1. Can you give the Kirkwood hydrodynamic radius of the range 140-225 from its Cα pairs, in Å with one decimal?
2. In percent, how large is the relative contact order of the chain, given Cα pairs closer than 8 Å and 6 or more residues apart?
3. Return the whole-Å distance between the Cα centroid of the range 125-151 and the Cα centroid of the range 7-23.
4. Counting only DSSP beta bridges with both residues in the range 63-206, tell me the antiparallel percent, nearest 5.
5. Top to bottom by accessible area (1.4 Å), largest first, where do K252, K125 land?
6. From the Cα gyration tensor of the range 1-124, with a ≥ b ≥ c the square roots of its eigenvalues, which class applies: rounded if a/c is under 1.5, or else prolate if a/b is larger than b/c, or else oblate?
7. Quick check: net charge around G143, other residues with Cβ under 10 Å of its Cβ, Lys/Arg +1 and Asp/Glu -1?
8. Would you mind getting me the FRET efficiency between R160 and R182? Use the beta-carbon distance for r and R0 = 25 Å, nearest 0.05.
Amino acid sequence: MTGRAADVPAPPPGVSSRIDAIQQRGTLRVAVLDEFPWLIKNPSAEAAPFHGPAWRLAEEYARRLGVKIETTPVTSEDKVSILVSGAVDVSIAPLLVTPEREAVADMIPYSASAHCVFGLADNPKVAAAARLDDLDQSAVTIGFIVGTPQGAWLQKRLVRAARDGVPGNLTDLATVEILAHRADVAPIDKFFFRDLQRKLPGLVSVPKDCLASEELPISIGMAIDKGQPAFLDWLRAVAASIKPDVDAEMAKTVQETVQAGP
């Protein structure tokens with residue numbers, strides 16, 4: 001734990017009605033969704049229910065407020081909308097920080113990700129590509145979800161490629177387009193490819209080391225309902241004060257998975 005955490009005390013009573021309610025209740029209510037590498041469910045009942053950088057930050061929030069953590073499972077569909085109901089104080093389910101998200105919730109960025117593309121290993125166009133630029137040709141078709149940052153990025157990144165846009169939401173992948181041979185490659189978060197490859201061993205990424213990609217960096221954060229400026233400022237200040245700890249937890253989680261192998 002960094003010494004700087006002591007520089008961010010909880011606001012005194014009356015400054016934030018949300019913090020007052022949390023301390024009176026004795027619990028920090030958080031929305032959770034198991035998602036590598038930011039928030040990972042622990043298999044052992046004896047350990048904390050989760051680990052990863054999001055959990056490390058939630059633990060610090062609870063420690064500073066002198067309360068326990070109460071978890072509420074959510075899905076990809078309601079991990080932001082649950083905030084409006086007041087059922088949780090913070091959604092620590094990992095969230096891409098996008099303008100659309102920031103329009104409906106206030107974000108606390110604490111991490112980042114990047115992207116690569118994936119395709120079938122037996123596709124000669126994919127097998128021959130060592131880097132993304134090798135796919136920037138008219139013979140290549142890119143699959144993407146219409147209206148997503150990943151889809152918009154890939155169309156600008158591979159301007160010569162043909163397009164195969166399909167409907168979906170922010171968390172969907174154009175995997176069906178790849179498997180049906182309608183597209184050669186599709187974008188994916190670099191931390192998600194390993195799990196997808198385990199499920200579908202016939203897939204490969206470009207670049208080959210997807211985890212090393214720095215393409216399309218996007219911030220990852222947690223969220224609270226709008227209209228809570230004092231609570232938001234405090235959450236962001238604590239996140240900044242223990243950033244080295246959060247970064248170390250992130251690196252440890254990723255490294256453990258790499259060492260575990262496929």
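The values are calculated or read from the model by the stated rules, or taken from the named source; none is laboratory data. What you are looking at is a predicted structure, and each value in this text was computed from that prediction instead of being measured. Because the Cβ atoms are built from the backbone with ideal geometry, glycine has one as well, and the counts that use them run over all protein chains shown. The area values use the complete protein model at the heavy-atom level, side chains included, leaving out ligands, DNA and RNA. Shrake-Rupley method; radii C 1.70, N 1.55, O 1.52, S 1.80 Å.
1. Numbers: mean 1/r = 0.0734 Å⁻¹.
Mean inverse Cα-Cα distance, inverted, gives 13.6 Å.
2. Details: 464 pairs, mean separation 72.6, N = 262.
Worked out over the chain, it gives 28 percent.
3. 48 Å
4. 55 percent
5. On the way: K252 110, K125 75 Å².
I get K252, K125, largest accessible area first.
6. Values: a/c = 1.92, a/b = 1.68, b/c = 1.14.
Prolate is the answer for the range 1-124, as a/c is 1.5 or above and a/b outweighs b/c.
7. Working: positive: R163, R182; negative: D164, E177, D184.
With Lys, Arg at +1 and Asp, Glu at -1, the net is -1.
8. Values: r = 18 Å, r/R0 = 0.73.
So, using R0 = 25 Å, E works out to roughly 0.85.
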